[in-house]
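Asker: After the structure tokens below, expect a handful of questions from me.
The values are calculated or read from the model by the stated rules, or taken from the named source; none is laboratory data. From a predicted model like this one, the values you see are computed outputs, not experimental measurements. Counting neighbours? That spans all protein chains shown, and the Cβs are built from the backbone with ideal geometry, glycine included. All accessible areas refer to the heavy atoms of the entire protein, side chains included, with ligands and DNA or RNA removed. Shrake-Rupley method; radii C 1.70, N 1.55, O 1.52, S 1.80 Å.
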Amino acid sequence: MQIRFKNLPSRLEELGERVDCQPGEKIIIQGQECPFFYFVKSGRVEVYPEGPVKNVLAVLSAGEYFGEVPCLTGSGSAATYAAGGRAGLIRTDREGLLRLMADLPDFNQQVVDTLCRIIRRENPGHAGLATEAGETRDRAKPFAEAPDHLGRPVIGLALGAGVVRGMAHIGVIRSLVKNNIPIDLVAGTSAGAMVGACLAAGRSVEEIESFALRLRWSKVASPVIPPGRAFLNNEKLGQLVKSFIGDITFQELDIPLAVVAADSGTGEEVIIREGSITDAIRASTAIPAIFEPVRLYNRTLVDGGTVNMVPASVCRAMGANIVIAVSVSDFHYQQGPPRNIVLAIMRTFDLVTKKQVALAKNQWADVVIDVKRPDLSGYSFREAKHFIREGEKRADRMMPVIKNLIGQWNANRHCF
């Protein structure tokens, strides 16, 4: 990974000390003071809030750094940082960090900007966790200009899982575009990852809708013969998306994107932000037992809906001031038992992930657009056009709320 401040590692080697961490070892604990600033030399570091369930908001890799805020201010850390595997770090104390800032003007400016954003953040209920995780990700791969440069809040769009119901995201995007609501960054799970990738790749709403209306199960899936870990694989889906947006990587997108998948072995949330877009989409849409898992980054990945159905938390971690979440997980079912085993598995999958939607609504999102059409099948692509229309209709209804949130943010910003 490219290091943004090329002299930072070598200067840190002179001022600091090497620290080797074992898998799962906590480096900084949420709420506790930390006297050190850390640079990731090798391996990865996971960022998550303390709680009964581990919800990883960001994964920092070689070339990224963390801990500068508690190190400088003496405040408790807003999140826990732990080694995601064996990790090699370089750390220095507050005096060393101040010398780094004096020696590296660009790095100094980045740290100062981070502190200013924390002070100005209008939503203290989310500020701590989002700032620590989001600002760290921002350093290695910029997500959006700082609010000072934009003159408005950074707006994140979280697109949830929902199989064919996910086509409603297209209608929501159409509503945002026609109402001149900017989209600065996107996080998507499963169907939301596919639609979000098309948007981030620069495709228009009309182009995305035309693409979606051509989808059929026969075009996105192939049977596994004989069935093993799953009945189908989604290689066809990857090829379709590639033909639509090109064989591109995350670094080539017009809008910053995060794709949510899950590690089938550990149950961990995996946030993908580098490499092939189509590989990430295949991983995020690999519904357990329906589609074969996707091997990526030395992990076996499945549908992100198992861990984060509506990835509002990821948008917050990416640095969004306002998070617009779209839930297309309509937990209503047609009467009677499922007609086949595939539908039975999908129905069970919906029930298992229902709590994830509630978490996004109650904790991470500023506004949630709920798209519900209980009269339609969420598993038939022939219903896609109806979900698209419903998504636009629901977003139109929420537009006064969204515009009011933006207005409040701007008003509060000028109070500082």
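Asker: In region 71-87, what residues are more than 14 Å from Gly24 (Cα to Cα) and either at pLDDT 85 or above or not in a helix (DSSP H, G or I) (or both)? Working first, answer last.
Answerer: Filtering region 71-87 for residues more than 14 Å from Gly24 (Cα to Cα) gives 71-79.
Within region 71-87, Cys71, Gly74, Ser75, Gly76, Ser77, Ala78, Ala79 qualify.
Asker: Exactly one condition in (1) touching a residue at least 24 places away in the same chain (Cβ under 8 Å); (2) assigned to a helix (DSSP H, G or I); (3) open to solvent by 10 Å² or more (accessible area, probe 1.4 Å); (4) more than 18 Å from Ala286 (Cα to Cα) is not met by Glu206; state its number.
Answerer: (1)
Asker: Pull up region 167-192, narrow it to residues that are among the charged types (D, E, K, R) and either in contact with a helix residue (DSSP H, G or I) (Cβ under 6 Å, 6 or more places away or on another chain) or closer than 25 Å to Ala317 by Cβ (or both), then point me to the one that is most open to solvent (accessible area, probe 1.4 Å). Walk me through it before giving the result.
Answerer: Step one: filter region 167-192 for residues among the charged types (D, E, K, R), giving 174, 178, 184.
Next, only the ones that are either in contact with a helix residue (DSSP H, G or I) (Cβ under 6 Å, 6 or more places away or on another chain) or closer than 25 Å to Ala317 by Cβ (or both) stay: 174, 184.
On the way: Arg174: 50, Asp184: 22 Å².
Among them, the one singled out is Arg174.
Asker: If I ask for residues that are in a loop (DSSP other than H, G, I, E, B) and not small (Gly, Ala, Ser), which ones from region 238-255 would you list? Step through it out loud before you land on a result.
Answerer: Step one: of region 238-255, the residues in a loop (DSSP other than H, G, I, E, B) are 246-248, 253-255.
Asp247, Ile248, Leu253, Asp254, Ile255, listed by residue number.
Asker: Does any residue of region 92-112 turn out to be closer than 29 Å to Val314 by Cα, among the aromatic types (Phe, Trp, Tyr), at pLDDT 90 or above and buried (at least 17 other Cβ atoms within 10 Å of the Cβ)?
Answerer: no
Asker: Could you say whether any residue in region 250-262 is within 22 Å of the chain's Cα centre (by Cα) and at positive phi? Full working, then the answer.
Answerer: Looking only at region 250-262, we keep the residues that are within 22 Å of the chain's Cα centre (by Cα), and these are 250-262.
If we keep only those that are at positive phi as well, we get none.
So far as region 250-262 goes, no, none of its residues is within 22 Å of the chain's Cα centre (by Cα) and at positive phi.
Asker: Does Ser42 satisfy the criteria of being surrounded by fewer than 20 Cβ atoms within 10 Å (Cβ to Cβ), more than 24 Å from Arg299 (Cβ to Cβ) and polar (S, T, N, Q)? Quick ask: steps written out before the conclusion?
Answerer: Values: surrounded by fewer than 20 Cβ atoms within 10 Å (Cβ to Cβ): yes; more than 24 Å from Arg299 (Cβ to Cβ): no; polar (S, T, N, Q): yes.
So Ser42 does not fit the description; no.
Asker: Still on this structure: When you scan region 209-237, how many residues do you find that are in a helix (DSSP H, G or I) and more than 17 Å from Glu383 (Cβ to Cβ)? Show your work before the answer.
Answerer: Here is the first cut: in region 209-237, the residues in a helix (DSSP H, G or I) are 209-213, 217-220, 235-237.
Applying the additional criterion that residues be more than 17 Å from Glu383 (Cβ to Cβ) yields 235-237.
Number of matching residues: 3.
Asker: Taking Ala133 as meeting all but one of (1) touching a strand residue (DSSP E or B) at 6+ places or on another chain (Cβ under 6 Å); (2) modelled with pLDDT under 60; (3) open to solvent by 40 Å² or more (accessible area, probe 1.4 Å), write down the number of the exception.
Answerer: Against the list (1) touching a strand residue (DSSP E or B) at 6+ places or on another chain (Cβ under 6 Å); (2) modelled with pLDDT under 60; (3) open to solvent by 40 Å² or more (accessible area, probe 1.4 Å), Ala133 comes up short only on (3).
Asker: Continuing with the same structure: In the list Ala344, Ala289, which residue meets the criterion of being at pLDDT below 85, touching a helix residue (DSSP H, G or I) at 6+ places or on another chain (Cβ under 9 Å) and farther than 16 Å from Gly166 by Cβ? Break it down stepwise before answering.
Answerer: Values: Ala344 fails: touching a helix residue (DSSP H, G or I) at 6+ places or on another chain (Cβ under 9 Å).
That would be Ala289, the only listed residue that is at pLDDT below 85, touching a helix residue (DSSP H, G or I) at 6+ places or on another chain (Cβ under 9 Å) and farther than 16 Å from Gly166 by Cβ.
Asker: Given the options Ala280, Ala258, Ala286, Ala262, name the one that is closer than 30 Å to Glu383 by Cβ, part of a helix (DSSP H, G or I) and hydrophobic (A, V, I, L, M, F, W, C).
Answerer: Details: Ala258 fails: part of a helix (DSSP H, G or I); Ala286 fails: part of a helix (DSSP H, G or I); Ala262 fails: part of a helix (DSSP H, G or I).
One residue alone meets the criteria, Ala280.
Asker: Restricting to region 289-307, name every residue that is touching a residue at least 40 places away in the same chain (Cβ under 8 Å), open to solvent by 10 Å² or more (accessible area, probe 1.4 Å) and not in a strand (DSSP E or B).
Answerer: Ala289, Glu292, Pro293, Thr306, Val307, listed by residue number.
Asker: State yes or no: is Glu25 among the charged types (D, E, K, R) and at pLDDT 90 or above? Full working, then the answer.
Answerer: Values: among the charged types (D, E, K, R): yes; at pLDDT 90 or above: yes.
Here the answer is yes, as Glu25 does meet what is asked.
Asker: Here are some conditions: (1) assigned to a strand (DSSP E or B); (2) open to solvent by less than 20 Å² (accessible area, probe 1.4 Å); (3) touching a Pro at 6+ places or on another chain (Cβ under 8 Å). Val47 meets all but one. Which one does it not meet?
Answerer: (3)
Asker: Sticking with this one: Would you confirm, using the coordinates I've provided, whether Val59 is assigned to a strand (DSSP E or B), among the aliphatic types (A, V, I, L, M) and closer than 18 Å to Ile271 by Cβ?
Answerer: Yes.
Asker: Considering (1) surrounded by 13 or more Cβ atoms within 10 Å (Cβ to Cβ); (2) more than 29 Å from Arg299 (Cβ to Cβ), say which one Gly74 fails and leave the rest.
Answerer: Result: Gly74 fails condition (1) only.
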